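Inspection log for the structure reproduced underneath, given as structure tokens.
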Amino acid sequence: MKGKAIVILVSFAISLISTALLWKKIKTREELLSSRLRTVRVIVAGKDIKPGETLSAENLRAREIPEETYSRRIIREEEFSLIDGALCSHSIPAGSFLVWDDIQEPIEMNRFSRTLKKGMRAVTVTADERTTFSGLLRPGDRVDVLATEKKDDGTERTILLLENLLVGAINGSFRDEEIVPGESGGTITLITTTTRAASLLRAIEDPSTSVSFILRNPSEKTRKRISRPSRRVELFTSGTLEKTYTFPGSTKKREERI
């Protein structure tokens, strides 16, 4: 009787394993069939392209291919803006996939976001003639930010809110040659950290505070204060506190670029 029960349990276990293997096989086939049905739109050569030829919508086309045949080397349709205007590095027959090796370096990245360094953010603020310094402001310049607070008693207090902010763009143009000479007003885009951008926006949105910009020499460094805390030294004699000495803290300055 005991032996018969063991045989039944073994048969049941084998049945479970067989069912699991069969289910896995079916699942794999379903995924394979699904991947064959899914497509990806990629860039192909619309005609024969010669080395050194400029890539554009005139000689490139988009085509759908099965997802299973796609590799990361092939340029997708949504990446067209990255290679539009780039030069071809070698011959590409008509109908062939365009891969990243076909692009002659360096690729022109006409996107402002790609100019941002790691950890930096862009913030755009409204500008008037005073903010743009009568049209003298240019991308690459640096400005300080003053905040003037109006108190309830009618008095005003002006503080240096931020220093050495990099001007990234003016009225949406981030190349110097795109700036219209003498044009003032519009918007300016500043490059800074998230924390400093938040401080600037809080001051701008505060109705009791007005914000002003001061143009500075880009090569000038920012002086940053470093505070050192005070120290206390306790003198013990035979386990008894005899005297306490307190040494005041200090503030040092160091120059750095932000």
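The values are calculated or read from the model by the stated rules, or taken from the named source; none is laboratory data. Only a predicted model underlies this, so the values are computations on that prediction, with no experimental measurement involved. FYI the Cβ positions are ideal-geometry reconstructions off the backbone, even for glycines, and counts take in every protein chain you see.
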Could you tell me how many of the residues in the stretch 51-73 are small (Gly, Ala, Ser) and outside any loop (DSSP other than H, G, I, E, B)? 1
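Looking only at the stretch 9-50, which residues are part of a loop (DSSP other than H, G, I, E, B) and either over 22 Å from Leu82 (Cβ atoms) or at pLDDT below 90 (or both)?
Taking the stretch 9-50 first, the residues part of a loop (DSSP other than H, G, I, E, B) are 38, 46-48, 50.
Within the stretch 9-50, Arg38, Asp48 qualify.
Assigned to a helix (DSSP H, G or I), at pLDDT below 90 and closer than 18 Å to Gly135 by Cα, is that true of Glu177? Quick ask: steps written out before the conclusion?
Numbers: assigned to a helix (DSSP H, G or I): yes; at pLDDT below 90: yes; closer than 18 Å to Gly135 by Cα: yes.
So Glu177 passes the test.
Any idea how many residues of the stretch 70-88 are small (Gly, Ala, Ser) and surrounded by 15 or more Cβ atoms within 10 Å (Cβ to Cβ)? Please lay out each step first, then the result.
Restricting attention to the stretch 70-88, the residues satisfying the condition of being small (Gly, Ala, Ser) are 71, 81, 85-86.
With surrounded by 15 or more Cβ atoms within 10 Å (Cβ to Cβ) added as a condition, the list becomes 86.
Of the residues in the stretch 70-88, 1 are small (Gly, Ala, Ser) and surrounded by 15 or more Cβ atoms within 10 Å (Cβ to Cβ).
Quick grid of which residues meet (1) in the same structural domain as Arg63 (by TED's automatic domain parsing); (2) closer than 20 Å to Leu200 by Cβ; (3) at pLDDT 90 or above:
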site	(1), (2), (3)
Phe80	yes, no, no
Ser91	yes, no, yes
Lys118	no, no, no
Phe133	no, yes, no
Pro139	no, yes, no
Leu146	no, yes, yes
Leu161	no, yes, yes
Gly168	no, yes, no
